[in-house]
Each structure stands twice: as structure tokens, then as C-alpha cells.
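What follows is a single structure, written as C-alpha cells, with notes after it.
The values are calculated or read from the model by the stated rules, or taken from the named source; none is laboratory data. On a predicted model such as this, the values are computed, not experimentally measured, just so you know. All Cβ positions, glycine included, derive from the backbone under ideal geometry; neighbour counts span all protein chains shown. Remember, those area values only see protein heavy atoms, side chains included, never the ligands or the DNA or RNA. Shrake-Rupley method; radii C 1.70, N 1.55, O 1.52, S 1.80 Å.
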Amino acid sequence: MPFEDGATVLDAIIWIRGHRDPSLAIRYSCINANVCKECTIAIDGRVRYACTTRLVAGRTMVLDPLPGKTRLRDLVTETRPPRERLD
Ligand code: FES
């Protein structure tokens, strides 16, 4: 993706969805307000918010779904408490 100073991991994922792979799945809601916690993923092995983690020019970052959670698709994991899930 074209790098811009201040761009976040979520910005990169949204760009990839728009320009390379529209099927790439991630959950997010508030975008940079850091209130919904929906964008939580593993970034370089640490659990972080994709919407507030800044990209670093020239550095490869490894993104994974949340560890210890059931992966639903790509970077989306099951985060609802078991009693709130529909059968
Ligand atoms: S999109 Fe809401 S905290 Fe990241």
C-alpha cells in the first residue's frame, strides 16, 4: 500500500480490502477512536488495536487473529461470551 506518515494497521487493511482483496475480513467499528475494541488482533505477536497501531516505513508487520480464540475468518475471531452465541 502507499505509505503515509501516521497511517495505522487498520488503514492498511482497509486499503488492501479496497485495492487487492475485498474478501479480507477484519472486525472494526469506531476507527481510531479506540472505544469499541473490535479491531483487536495480534500484531507482531502482541495483542493490539489495529486502529491505533501505526505503520512503520519499510518494516514488515505480521498480523494474526487473536490467540486462544476460535478464528471465524481471516483476522476475525469469536469474541462473544458463550451464552450470547446463537446455536
Ligand atoms: S476500531 Fe474501535 S478500537 Fe479499533
_Virtual paramagnetic centre 7 Å along Cα→Cβ of residue 21, amide N under 13 Å, in the stretch 65-87_ = 65, 73-76
*Obtain the nm distance between the two label points defined at residue 78 and residue 62 by a simple spin-label model: each point lies 7 Å from its Cα along the Cα-to-C-beta direction.*
2.6 nm
*Amide H neighbours of residue 25 under 5 Å, at least 5 residues apart or on other chains, H built in the peptide plane: list them.*
75
*Please list, in chain and number order, the residues 5+ apart from residue 36 or on another chain whose amide H is under 5 Å from its amide H, with Hs placed from the backbone.*
30
*Taking the chain as the reference, fit the longest principal axis to its C-alpha atoms, fit the long axis of helix 9-19 to the helix C-alpha atoms, and give the angle between the two in degrees, 0 to 90, nearest 10.*
80 degrees
*Backbone HN-Hα couplings from phi across the stretch 63-70 [Karplus 6.51/-1.76/1.60, Hz, Gly and Pro as x]*: 10, 9, x, 4, x, x, 10, 6
*asked:* Explain nothing, just the number: relative contact order of the chain, from Cα pairs under 8 Å at least 6 residues apart, as a whole percent.
replied: 26 percent
*Please give the per residue accessible area of the chain, computed with a probe of 1.4 Å over protein heavy atoms only, in Å².*
69 Å²
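Would you compute, from DSSP H runs of 4+ residues alone, the mean residue ellipticity of the chain at 222 nm, taking -39500 (n - 2.57) per run and dividing by the full residue count, rounded to the nearest 500? List each step's numbers first, then the result.
On the way: 1 runs with 11 residues, N = 87.
The helix-only estimate for the chain comes to -4000 deg cm²/dmol at 222 nm.
Within 10 Å of each candidate Cβ there may be at most 10 other Cβ atoms; applying that plus a DSSP loop requirement, which trypsin sites (Lys or Arg not before Pro) in the stretch 51-86 survive? Present the calculation step by step, with values, prior to reporting the outcome.
Numbers: sites: 54, 59, 69, 71, 73, 83, 85; in loops: 59, 69, 85.
Those that pass, being in a loop and sparsely packed, are 59, 85.
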*Hey, can you grab everything whose amide H is under 5 Å from the amide H of residue 8? Only 5+ residues off in sequence or another chain; H modelled, so Pro and N-termini drop out.*
55
*Once every Cα of the chain carries one equal point scatterer and solvent is ignored, give the base-10 log of I(q)/I(0) from the Debye formula at q = 0.12 Å⁻¹, two decimals.*
-0.36
_About the Cα centre, and with charges only on the beta carbon of Lys, Arg (+1) and Asp, Glu (-1), how big is the dipole of the stretch 33-87? Nearest 20 debye, please._
140 debye
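Sum up the charges of everything whose Cβ sits under 11 Å from the Cβ of residue 31, counting Lys and Arg as +1 and Asp and Glu as -1, but leave residue 31 out. Mind showing how you got there, number by number?
Values: positive: none; negative: 11, 38.
With Lys, Arg at +1 and Asp, Glu at -1, the neighbours total -2.
With Cβ to Cβ distances under 10 Å as the rule, what net charge do the other residues near residue 78 carry (K, R +1; D, E -1)?
On the way: positive: 69, 71, 80, 85; negative: none.
It works out to a net charge of +4.
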*Separation between the residue 7 and residue 86 pseudo-spin-labels, each 7 Å from Cα along Cα→Cβ, expressed in nm?*
3.7 nm
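So, counting K/R as plus one and D/E as minus one, what does the shell of residues with Cβ under 11 Å around residue 4 add up to? Kindly include the intermediate steps, with their values, before the conclusion.
Values: positive: 54; negative: 5, 11.
Taking every other residue near residue 4 into account, the sum is -1.
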